[in-house]
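Notes to accompany the following structure.
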Amino acid sequence: MNKKYVFLDLDGTLIDHATNRVSDKTIEAIKKGQENGHEFFICTGRIPALFHGVEETLGIHNYIAANGKLVMLHGEIIRNEFMTEDYVNEFVEYVYDKKLDVAFESFDAYILNSHFTNTTDQFIDRFHLKVTDTIKDYHKTNRVYQMNLMFTGDYHFLEERFPYFNFSQANEYGLDVVEGEGMKEQGVKAVVEKLGIPIEDTIAFGDGYNDLSMIEYVGLGVAMGNANQTLKDRADYITNDVSEEGIYSGFEHLGLLKK
C-alpha cells in the first residue's frame, strides 16, 4: 500500500463526547498506522490551545486548526490566515446589540466577548472546553482565526447580512464563523500542495458539518457512525460510531493496520 495521509477530525471522531477522551484502541490504531509509514493530521475547528494534550497522547504533531485557517506541517506553519479586522468589528457590534455571545479563537487563546445567555455554557460543555475568560473587545487588540457564535435556530439572515463569512453548525448550541469560502479542505489542500502528494493517497475521517468539504475533497472520505446524515450521504465509507471504536474499525477496513 502507498503511504497514506490521514486527516482526523477531533470532536466526535477522535474524542468520544460521552467520555471526553481518546480510546485506547484509537491510540493503538494510530500507533500501528504510523509504524506502517502512514502520516496523520489532527484536523479540527479548535485552535492548538484547545487540544488539551490530545496531540501528545496520539503522537500527532501535524495539524489543521481553526477549520483550515492555521496549518502546521513538520514544525512549520504553512497556512496562517486571520480574519479581516473590519469585518470582525462589524459582526461583533451587530450580534452584541442582539445580546448574542461570541467567542474568539486566536493563536493561543479562546476568549468570550460577552456572556449574556446559558447557550454559551451549553456550547462550552458540549465540547468539554475549559472555562474561558470574558474580555470585551478582545478582537480589537488581537488577531483571530475564527469566531464561535452562540446561537440556536435559523441563521440564514446572518449569511445574507455578512456574505463574506462562512457559517457552519459547530454543535446544537452554536456556529463556527470563518472568513471566505471553504473550511478544512483548504488546510488539506495546503498540505497536499506543499508535499506534492496525489489526492488519491489522502483519507479523512469526520462526523460534523464542518467536515463536509474535507470529506468531499480528499481521495477517500469516511464518516463516523455518529456523523450527521448529510455527511454520511457524501462519504465514501461509513465506519462505526466513535463509542464503538470507529477509528480502529475504519483503519482496519482500509488496510492501514496491515504490515
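See the values below:
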| quantity | calculated |
| --- | --- |
| Failed condition for Gln229, given (1) at positive phi; (2) at pLDDT 95 or above | (1) |
| Matching residues, segment 3-16, being in a strand (DSSP E or B) and either under 11 Å from Leu58 (Cα atoms) or of a type outside the set (D, E, K, R) (or both) | Tyr5, Val6, Phe7, Leu8, Ile15 |
| Members of segment 17-59 that are touching a residue at least 40 places away in the same chain (Cβ under 8 Å), in a loop (DSSP other than H, G, I, E, B) and among the aliphatic types (A, V, I, L, M) | Ala18, Ile47 |
| Checking Asp233 against (1) under 13 Å from Asp11 (Cα atoms); (2) surrounded by fewer than 15 Cβ atoms within 10 Å (Cβ to Cβ), the condition it does not meet | (1) |
| Subset of segment 75-109 that is part of a loop (DSSP other than H, G, I, E, B) and of a type in the set (Asp, Glu) - its residue that is modelled with the lowest pLDDT | Asp108 |
| Test for Glu193: is it within 19 Å of Thr120 (Cβ to Cβ), of a type in the set (Asp, Glu) and either surrounded by fewer than 17 Cβ atoms within 10 Å (Cβ to Cβ) or not assigned by TED's automatic domain parsing to the domain that holds Phe123 (or both) | no |
| Boolean, Lys69 is surrounded by 14 or more Cβ atoms within 10 Å (Cβ to Cβ), basic (Lys, Arg) and under 18 Å from the mean Cα position of the chain (by Cα) | yes |
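The values are calculated or read from the model by the stated rules, or taken from the named source; none is laboratory data. It should be emphasised that the depicted structure is a prediction, and the values quoted were computed from it without experimental measurement. FYI the Cβ positions are ideal-geometry reconstructions off the backbone, even for glycines, and counts take in every protein chain you see.
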